[in-house]
Structure formats: structure tokens, C-alpha cells
Amino acid sequence: MMGSGMRFRAMVAAVGMLFLAVTVDAVADTKVNSVRLWRAPDNTRLVFDLTGPVQHSVFTLTAPDRLVIDINGATLGAPLNVSTANTPITAMRSAQRTPTDLRVVIDLKKAVTPKSFTLAPNAQYGNRLVVDLFDNAADAAPIPAPTNVATVAPVPVTPIDPPVKLPPAPAGKRDIIVVIDAGHGGEDPGASGSRGQREKDVVLAIARELQRQVNGMKGFRAELTRTGDYFIPLRGRTEIARKKGADLFVSIHADAAPSAAAFGASVFALSDRGATSETARWLADSENRSDLIGGAGNVSLDDKDRMLAGVLLDLSMTASLTSSLNVGQKVLSNIGRVTPLHKQRVEQAGFMVLKSPDIPSILVETGFISNANEASKLAAANHQQALARSISSGVRQFFQQNPPPGTYIAWLRDSGKIAQGPRDHRVSPGETLAMIAVRYQVSPATLRSANNLKSDELKIGQTLTIPGTELAAKE
Ligand SMILES: [Zn+2]
């Protein structure tokens with residue numbers, strides 16, 4: 001039998017439990033289950049994985065520098081463990097401020113500027129809270145971004161091209177700048193293959209190899225939008241291209257389709273209106289969706305001279321679209337030699353990343369990672385190298401025919417030192433076969449065989465066919 005005192009205590013306990021249960025269920029039913037971290041050249045991204053939506057606030061404290069993240073309506077579901085090496089973070093602590101409000105305190109080596117937002121669930125993840133810690137510009141020594149992607153095998157180094165001697169660049173002749181954009185990264189893995197191949201890793205490996213090859217071509221320089229596993233918003237990528245003075249922007253992807261049977265590479269340019277195919281529309285939607293991860297949905301245009309700006313934008317867009325289609329077609333026909341094509345011609349779609357009005361831009365879907373066979377090819381170093389080679393060849397062919405003024409390649413073409421393909425030369429008085437061979441950087445034997453010459457004797461006014469020459473590797 002129970003005494004009355006005991007009965008009373010049991011009742012209080014029962015009521016207390018009931019009260020607590022109601023409170024927790026009503027307000028703090030969200031758990032913070034894990035935290036993930038990415039380091040970019042100028043910021044550190046923290047992503048908290050949540051079981052439901054939350055309210056939150058973020059503020060900084062000084063002396064010592066700290067960042068405080070209050071997550072309301074949440075409790076800790078598991079310890080927050082993440083490596084903070086190479087970041088401004090020295091430690092991460094958490095405590096329950098109230099039964100329903102979780103506080104996370106981040107200890108910092110130096111002050112940062114925070115930006116935070118929440119993300120709704122997607123195919124890969126549930127609700128998330130994203131906190132970006134931007135390095136303050138005043139900090140003298142930036143923390144380098146990690147440059148290693150452990151999941152990607154190193155690509156063996158092979159010679160770029162047959163060594164043909166090219167003349168040195170005269171002063172003031174600049175390189176053609178190609179900005180290479182590896183799609184996705186960090187919180188945004190892109191598409192994935194059945195054996196865990198991730199688009200963000202595959203495309204970074206191809207982008208790095210493409211950069212190496214382009215840098216090996218005299219008169220060209222390649223830059224990457226991202227050099228590690230971190231996310232850059234889509235508009236941020238085109239901004240980087242503009243800041244680096246890009247003559248061409250190449251975005252590399254390896255995508256997924258609803259049908260696992262879909263295969264083949266494609267090249268896209270921006271559509272003038274609407275997408276040219278359903279696939280294009282579907283891909284554009286799924287690629288553009290990743291911009292939500294950037295947190296900033298809209299960019300405000302300057303209101304001044306909006307109409308004039310619109311007209312200029314249209315003109316410039318048309319010019320760069322023509323170039324985009326041209327370079328895209330050259331890249332596509334080269335890719336067709338190393339892998340099956342999904343479509344025989346350049347497709348057009350409304351990819352956000354292609355919307356630079358002044359920079360010719362293409363997006364290369366190197367294959368479907370949702371197709372088991374293509375996924376394993378895409379993850380293989382030799383295939384990545386072949387894909388990069390076909391892209392760099394297409395880019396080189398385009399610029400040999402369309403060199404921007406003031407570049408070394410333009411100077412080469414204008415001074416007759418390279419031909420873009422077979423062309424004619426009329427023999428002037430005093431010219432010998434050897435002189436013409438030197439002028440066009442071909443061997444006398446090549447000239448003889450291209451023109452079926454039995455001897456080296458030339459007639460004034462005679463027309464010789466000059467065989468096409470390739471741009472050479474840097475000495
Ligand atoms: Zn993609």
C-alpha cells in the first residue's frame with residue numbers, strides 16, 4: 001500500500017513529466033543531428049543538419065572573438081564533431097539555454113563576418129541551417145583553401161602537344177584567359193552515381209586537368225572558379241570570370257537524368273528564348289536549383305539607364321551567344337571522338353551560369369553520372385584526361401580562328417606565323433621554298449608534299465597550299 005505522501009509525490013512527478021512532454025513536443029521537436037564544414041578561399045561554411053525547421057539568430061562577440069548561434073525550438077541530437085583544421089575556428093561548444101533553445105558558441109582565431117540562412121529539405125538532405133563565416137578583408141594572411149580532393153586519383157602528366165617552336169611573344173601581347181568552372185561543391189554534391197561517384201569531385205578533377213592542359217598551350221592561361229570542395233553561388237562564378245578578365249567561360253558538369261539509361265556528353269550555350277529540348281529544360285532546372293544553396297536568391301540591377309543597359313545587354317548577349325555556339329560546336333565535335341554524344345549539336349538552355357552578357361560561355365555535360373557505365377568512366381583518370389583534351393582542343397581551334405585583339409594568338413595569326421587550316425600563298429619575287437616554310441612554321445618537306453612539288457623551284461605568282469598548323473606547347 002502507498003502512503004499519502006508517496007502518492008502525492010508520484011502525482012507531482014506525473015504532472016511534471018506531462019508538462020515537460022507537452023512543452024518539448026510543442027516547441028522543441030527539432031534535433032540538431034550533425035554539423036558539416038567546408039573551407040573556401042575566403043570563407044568557412046557550417047551546415048547544421050536538422051530534423052525540422054527552426055528559428056535562429058547569429059551574432060558575434062569580441063575579446064576573445066566568438067560567434068554565437070542561437071537555434072530556437074531545437075535540442076542537440078548528437079555531439080557536434082567536425083574537423084576545424086585550416087579554418088578560423090578553434091573550438092565549438094553548445095549548451096541548452098532553455099529546454100527549447102540551443103546555443104552554439106564558436107571560438108575564433110580572428111573576427112569574421114557571419115551570414116546565415118536556412119534551407120528546406122531536398123533530395124539529399126533534410127532541413128539545414130547554413131552559417132557562412134566570411135574572413136575579414138583586413139586580415140593579412142588568408143587561410144589557404146584545401147587543394148586536395150582525396151577521392152580523386154592523381155592524373156598522370158603527359159606531354160601536351162608535339163613540340164613545334166613558336167616565336168616568343170612580343171611585349172604587350174596578352175594571353176587568352178579561359179576560366180574553368182567545376183560545377184557544384186561543398187554542401188552541393190551535384191548528381192551522384194550508383195557507386196557513390198559524386199559530380200562535384202569528378203568535375204573538379206576534369207577542370208584541374210583542363211587547366212593544366214590549357215596552361216600548357218602557348219598564348220593561353222586558365223583559371224579555376226573553385227579550387228577545392230566548397231560551394232560558390234552561380235552568380236559568384238560568373239563574377240569570378242569577369243574579375244579574371246575571361247575571354248571564355250567553361251562550366252564542367254556530369255549530370256543525372258530521370259532515366260538511368262540516358263548517356264552521352266552534351267554541350268550547352270545559353271538559350272535566347274526557352275530551352276531547345278525537354279532534357280535541356282530539365283537539366284537547366286536542376287542545375288539552377290543549386291543556387292538556392294548560395295542563400296541569395298536575387299541580385300538587384302542598377303535602376304539607372306535601365307533601358308539603355310537593356311539594349312546594350314541584348315547586343316552584347318547576341319554577340320557572345322554567337323561565339324558560345326561556335327566554340328561549343330568545336331568542343332562538341334572533339335568530345336565526340338572520345339565519348340558518345342547525347343546530342344549532335346550544341347543545345348541551348350537557360351543555365352544561370354551562362355548568363356554573362358560579355359563573355360562567351362559554354363556548359364559541358366561530360367556524361368550522365370546516373371548511368372552506371374558512364375559513372376565509372378567519368379571517375380577514371382584516363383577518361384578525365386581524354387575529356388579535358390577534347391575540350392582544350394575545341395577551345396584552341398576556336399581561338400585560332402577568333403583570337404581576341406591584343407593577344408599573342410591574334411599577333412601570331414596576323415603576322416602569318418600560324419594558319420588556322422590549309423590556306424594559299426602567292427609566291428613573291430625573291431621568295432624561296434625554305435623562306436616560305438619558315439614564315440608559316442612548317443617544314444620544307446611538308447610544303448613539298450602538300451603541293452606535289454618535284455623540286456624546290458618556284459615561279460613568281462605561283463599559288464602554294466600551306467597546310468594547317470597547330471598551336472604548340474610552351475617551350
Ligand atoms: Zn551539374
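The values are calculated or read from the model by the stated rules, or taken from the named source; none is laboratory data. This structure is a prediction, so every number in the text was calculated from the model and none was measured. As a convention, Cβ positions derive from the backbone with ideal geometry for all residues, glycine included, and neighbour counts pool all protein chains shown.
Below are the figures for this structure:
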read-out: Tabulated pairs, segment 325-336, first under 17 Å from I180 (Cα atoms), second of a type in the set (A, V, I, L, M, F, W, C) and surrounded by fewer than 20 Cβ atoms within 10 Å (Cβ to Cβ), C-beta under 8 angstrom, 6+ apart or interchain; value: L332/L341; I335/L341
read-out: Residues satisfying the stated conditions in segment 38-56, i.e. surrounded by fewer than 18 Cβ atoms within 10 Å (Cβ to Cβ) and within 31 Å of the chain's Cα centre (by Cα); value: P41, D42, D49, T51, G52, P53
read-out: Residue count, segment 397-413 (criterion: without any contact (Cβ under 8 Å) to a residue 60 or more places away in the chain and of a type in the set (S, T, Y)); value: 0
read-out: Index of the failed condition, A388 passing every other in (1) among the aliphatic types (A, V, I, L, M); (2) within 20 Å of S271 (Cα to Cα); (3) at pLDDT 95 or above; value: (2)
read-out: Scan of segment 190-224 for residues that are near the ligand (Cβ under 10 Å from one of its atoms) and not hydrophobic (A, V, I, L, M, F, W, C), ordered by number; value: G190, E199, K200
read-out: Residues satisfying the stated conditions in segment 230-262, i.e. aromatic (F, W, Y) and either at pLDDT below 90 or within 13 Å of the ligand (Cβ to nearest atom) (or both); value: F231
read-out: In segment 363-373, the residues that are closer than 16 Å to S266 by Cβ and surrounded by fewer than 24 Cβ atoms within 10 Å (Cβ to Cβ); value: S370, N371
read-out: Sole residue being aliphatic (A, V, I, L, M), farther than 14 Å from I362 by Cβ and over 15 Å from the mean Cα position of the chain (by Cα), chosen from A222, A256; value: A256
read-out: Residue among V250, V214 that alone is under 19 Å from Q385 (Cβ atoms) and more than 10 Å from the chain's Cα centre (by Cα); value: V214
read-out: Residue within segment 159-173 that is modelled with pLDDT under 90, within 16 Å of the ligand (Cβ to nearest atom) and either among the small types (G, A, S) or crowded, with 20+ Cβ neighbours inside 10 Å (or both) present; value: no
read-out: Selection within segment 343-369 - within 14 Å of the ligand (Cβ to nearest atom), more than 20 Å from I176 (Cα to Cα) and modelled with pLDDT of 90 or more; value: E365, T366, G367, F368, I369
read-out: Among the candidates A85, A95, A91, A74, residue that is under 20 Å from E187 (Cα atoms), of a type in the set (G, A, S) and in contact with a strand residue (DSSP E or B) (Cβ under 9 Å, 6 or more places away or on another chain); value: A85
read-out: Pairs where the first residue, in segment 189-200, is free of Cβ contacts under 8 Å to residues at least 12 places away in the same chain and closer than 12 Å to A260 by Cα and the second is within 13 Å of the ligand (Cβ to nearest atom) and assigned to a loop (DSSP other than H, G, I, E, B), C-beta under 6 Å, 6+ apart; value: none
